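One structure is given here, and the rest of the page talks about it.
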């Protein structure tokens, strides 16, 4: 097994790292305060191929592997985990459209989505159904011309900002088999949004409820088959969990790099604090966590690329392990800086705030344990 980046992966990493340093990092705190990401920045990312990373080149994508994309999200997140994660959610949506939508719908949507002229959001969570996603209550009543949607989606990244929303809606019986994926376009009658949420982290991402009050969507906006939406949503989340873990890893690496530099420059008792064993042990533990997390993340992405039968299990394992350890590393980095780590200037407090939500979204880490255990027991019984 080769653990070195390929030549193309080195190029992807360098491209994303430089883009982050030049286009994201200098303005990240300002975007936090304004609670938005400038569209022109996303379009620049699109020009580099970061809007549709893992869909084929022949339909406008970059043709990357899932591992390639994880490397890109990790590199982007060193400059801002929030922006990297927002880009990752859009990529997940574009993959779902390319994978499951009709050819006619793809012809309409992909040209704009693949270069970030248009932005897409993923709408699954509701006020009363988070971890129990199959219990969603948003209803899509079918008529001769399409669907009439009624319900509310919560915590939607890009709510009120995106051009399209993939809305998981109930078109049939209770449970996962009655859920369909329907594309809602911004500006549709009956579509509105809640307030821009005040959040602990991910502040640059506009986050609102998506409210559907007899919102009409034409039949052509059904993604794939009726009743298959929940399976599409879960397939999207396998990759989404890899992406979110990669962004957490990049943020943690950035915090660790700051802590290493600080520990070698900061003096106490007439010598650098890096000379004290307590700091050395902390740095060693953080390095172990980062390297272990990276290895597991890349393995899970590889499993997804080769369509391994246990890829879903490994995506869940990686999501939990990487995000837990990334948060611990960023928090320990803040501790090394002491009072300075608590200041906005050093950026670590932002990373800590941003990475906390990575343990919650795309399925909480407790739900990851449920998924992992289910796979373990199924493997044993078979």
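Where a number appears in this text, it was derived from the coordinates with a stated rule and is not lab data. Keep in mind that what you see is a predicted model, and the values were worked out from it rather than measured. Cβ sites come from the backbone with ideal geometry, for glycine too, and all protein chains shown count toward neighbours.
Could you please rank 234, 64, 53, placing first whichever residue has the fewest other Cβ atoms within 10 Å of its Cβ?
On the way: 234 17, 64 23, 53 26.
Taking fewest neighbouring Cβ atoms as first place, the list is 234, 64, 53.
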Study note, to complete from the structure: Under a Gaussian network model of the chain whose springs join Cα atoms within less than 10 Å, the largest fluctuation of 135, 252, 318 belongs to 135
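Residue separation times 0.36 nm, minus the C-alpha to C-alpha distance between residue 284 and residue 11: what's the value?
On the way: separation 273, 0.36 × 273 = 98.28 nm, distance 2.89 nm.
Value of the extension gain: 95.4 nm.
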Review point. So how compact is the range 136-184: Cα radius of gyration and Dmax in angstrom?
Key: 11.3, 32
Revision key, fill the gap. Most fluctuating of 115, 196, 47 in the GNM of the chain (C-alpha, under 10 Å) is 47
Review point. Any idea what angle helix 311-337 forms with the longest principal axis of the chain, computed on alpha-carbon atoms, 0 to 90 degrees, nearest 10?
Key: 40 degrees
Review point. When a footprinting reagent is the concern and you count Cβ atoms within 10 Å, what order do 380, 342, 262, 54 take, fewest first?
Key: 380, 342, 262, 54
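Could you tell me the convex hull volume per residue, in Å³, taken over the Cα atoms of the range 120-229?
It comes to 92 Å³ per residue, whole-number rounded.
If the viscosity is 1.567 mPa s and the temperature 4 °C, what translational diffusion coefficient in µm²/s does Stokes-Einstein give for the chain when Rh comes from Kirkwood over Cα pairs?
On the way: Rh = 21.3 Å.
After rounding, the answer is 61 µm²/s.
In the P(r) worked out for the range 250-346, what percent of Cα pairs fall beyond 15 Å? Mind showing how you got there, number by number?
Details: 2926 of 4656 pairs.
The answer is 63 percent, as a whole percent.
To the nearest 0.05, what FRET efficiency results for residue 57 and residue 307 with a Förster distance of 22 Å applied to their C-beta separation?
Working: r = 20 Å, r/R0 = 0.89.
Rounded to the nearest 0.05, the efficiency is 0.65.
Just to be sure I understand: if I project the alpha-carbon convex hull of the range 180-324 onto a plane and average over all orientations, what area do I get in nm²?
Numbers: hull surface 50.7 nm².
Mean shadow area of the hull around the Cα atoms is 12.7 nm².
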Practice item. Compute the Rg to Rh ratio over the range 7-113 from the alpha carbon atoms, using the Kirkwood formula for Rh, and round to two decimal places. Key: 0.98
Point to revise | Gained length - residue 340 relative to residue 25, 0.36 nm times residue gap less alpha-carbon distance | key: 111.5 nm
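Counting each pair of different Cα atoms once, what's the Kirkwood radius of the range 302-355 in Å, rounded to one decimal? Don't jump to the answer; show the numbers that get you there.
Working: mean 1/r = 0.0785 Å⁻¹.
Across the range 302-355, the inverse of the average 1/r is 12.7 Å.
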Practice item. Treat the count of other C-beta atoms within 10 Å as a stand-in for reagent exposure and order 148, 124, 249 from fewest to most. Key: 148, 124, 249
Exercise for review: Using a Gaussian network model of the chain whose springs link C-alpha atoms within less than 10 Å, name the residue from 160, 175, 20 with the highest mean-square fluctuation.
Suggested key: 175
Check your understanding: With no solvent and one point per C-alpha, what does the Debye sum give as log10 I(q)/I(0) for the range 72-171 at q = 0.12, 0.14, 0.21, 0.25 Å⁻¹?
Key -> -0.46, -0.63, -1.21, -1.34
